[in-house]
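The values are calculated or read from the model by the stated rules, or taken from the named source; none is laboratory data. Note that this is a predicted model, so its numbers are computed, not measured. Don't worry about glycine lacking a Cβ; one is built from the backbone with ideal geometry, like all the others, and counts go over all protein chains shown.
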Amino acid sequence: MKLILSSALLMVLLPACFTTPAHSATINGQYYVPLANWAGANGLITFWLRRGEEVATTNRTTRLVFDKDSNTAEINGVNVALSFPLAVDKGAPLIAQFDLDNAVRPLLFPSRYIEPKKITTICLDPGHGGKDTGNRVGGLFGRNEKAYTLPLALELRDQLTKAGFKVILTRNSDTFVELPARPAIANKAGADLFVSLHFNATPNGLNEVAGPETYCITPVGAASSNAQGEGADHGATTANRVEKQSLLFAYQIQKSLVQNLGVNDRSVRRARFAVLRDAQMPAILIEGGYMSNPTEGKKIYDAAWRRQMAAAIVKGILAYQKVTAPAISPSTPVKNKVPAAMTPAPNQRSGNSSSFGGTPMRRSG
Ligand SMILES: [Zn+2]
């Protein structure tokens, strides 16, 4: 029965599939390859969702969606910024080899790129502080970003400590800390992860935009995807040594935020932020939502919401650790088991039980 069904499905899909070979091309100096060729070689079927505009490539465990001329890809339900837009040439979708190498493949096959490593110490960086207020919403007597990043960090510290991690902070009061000093604190402590916490606001006062964004270092040779263009040069930084880890870490955090909080997905993004580029460990910057959006702003100012956000970040960290943890031999007793309180609630388990939408993550080769 199953076989008949899938054959029927294939009959429906085949007319939209790419059966004729397409050719690679150089577009704006980037080497592009036919998406269907790469996908086919990896056991994925490619077909148009909207002809010439939106294309999907899928198998039983993986679903990638790309839009023509767009830098945003949907990778197993989470938006991820590409460095170069998807192109369509003679009716065939082409993807930059750079993005296959630096975004798609590291997320689909992390064990090929990432050395397993146990997470012991996590450095939390509450954005801004002291004379640096961060984003300010509502005029002179309005809300300052720095007043919400610190309580989020303290809440997150408590939850991570309960989960068995050692936590250090770059500040634990309303004090000014220079940007380069922040990753330096993490480096000195030998932290295994660095998490900078921020809240966003639109520069032009528009208030429709909402949802979290999670940033990791930009790969060498690409421009950053943050709107302001901060640190948009193309060079290598210290953080590029572990850029694949940082990408996977950002992905797991963004996924957890979007799935557990039910918020708009503003995508995993790339930036050479000053707080990220000198970090020696996987490092991310979370923009936890937009203060400039009236509905989201109210949530950000609410301690109960921040507690939920902290819980989602903890789940993201545990998901990242699940994918990157060293293998435990059967004879070794399991230590540092996650406390029961930190495991997903039964009603959330179906969406989160696997680390990556069912894709076998521990495959070798
Ligand atoms: Zn900020």
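Some notes on this structure:
- Verdict on Asn135 being more than 23 Å from Gly316 (Cα to Cα), surrounded by 15 or more Cβ atoms within 10 Å (Cβ to Cβ) and more than 23 Å from the chain's Cα centre (by Cα): no
- Criterion: under 16 Å from the mean Cα position of the chain (by Cα), basic (Lys, Arg), more than 16 Å from the ligand (Cβ to nearest atom) and buried (at least 19 other Cβ atoms within 10 Å of the Cβ) - qualifying residue of Lys255, Lys299: Lys255
- Of all residues in the range 126-144, exactly one satisfies the criterion of being out of contact with any Ser or Thr (no Cβ under 8 Å at 6 or more places or on another chain) and among the β-branched types (Val, Ile, Thr), namely Thr133.
- Close Cβ contacts (under 6 Å, 6 or more residues apart or on different chains) running from residues in the range 165-180 that are among the acidic types (Asp, Glu) to residues that are surrounded by 14 or more Cβ atoms within 10 Å (Cβ to Cβ) comprise Asp174/Gly129.
- First in the range 138-152 and acidic (Asp, Glu), second anywhere and within 15 Å of the ligand (Cβ to nearest atom), Cβ under 7 Å, 6 or more apart: Glu145/Gly127; Glu145/His128; Glu145/Thr133; Glu145/Gly134; Glu145/Asn135; Glu145/His198; Glu145/Phe199; Glu145/Met291
- Pairs linking a residue in the range 49-67 that is assigned to a loop (DSSP other than H, G, I, E, B) to a residue that is among the polar types (S, T, N, Q), with Cβ atoms under 9 Å and 6 or more positions apart or on different chains, are Asn59/Asn42; Thr61/Asn76; Thr61/Ser354; Thr61/Thr359; Thr62/Asn42; Thr62/Asn76; Thr62/Thr359.
- Elements of type strands (runs of 3 or more DSSP E) contained in the range 116-232, each with 2 or more residues being within 13 Å of the ligand (Cβ to nearest atom): 121-126, 193-200, 213-216
- Qualifying residue in the range 275-289 (condition: within 13 Å of the ligand (Cβ to nearest atom), in the same structural domain as Leu318 (by TED's automatic domain parsing) and in a loop (DSSP other than H, G, I, E, B)): no
- Criterion (small (Gly, Ala, Ser), surrounded by 15 or more Cβ atoms within 10 Å (Cβ to Cβ) and touching a strand residue (DSSP E or B) at 6+ places or on another chain (Cβ under 9 Å)) met by exactly one of Ala163, Ala186, Ala147: Ala186
- Residues being touching a helix residue (DSSP H, G or I) at 6+ places or on another chain (Cβ under 8 Å) and assigned to a strand (DSSP E or B) - total across the range 82-101: 5
- Filter result (of a type in the set (Lys, Arg) and in contact with a strand residue (DSSP E or B) (Cβ under 9 Å, 6 or more places away or on another chain)) within the range 39-82: Arg50, Arg63, Lys68
- Scanning the range 302-313 for residues that are more than 21 Å from the chain's Cα centre (by Cα) and in a helix (DSSP H, G or I) yields Ala303, Ala304.
- Residue within the range 102-114 that is assigned to a loop (DSSP other than H, G, I, E, B), surrounded by fewer than 20 Cβ atoms within 10 Å (Cβ to Cβ), charged (D, E, K, R) and modelled with pLDDT of 95 or more present: no
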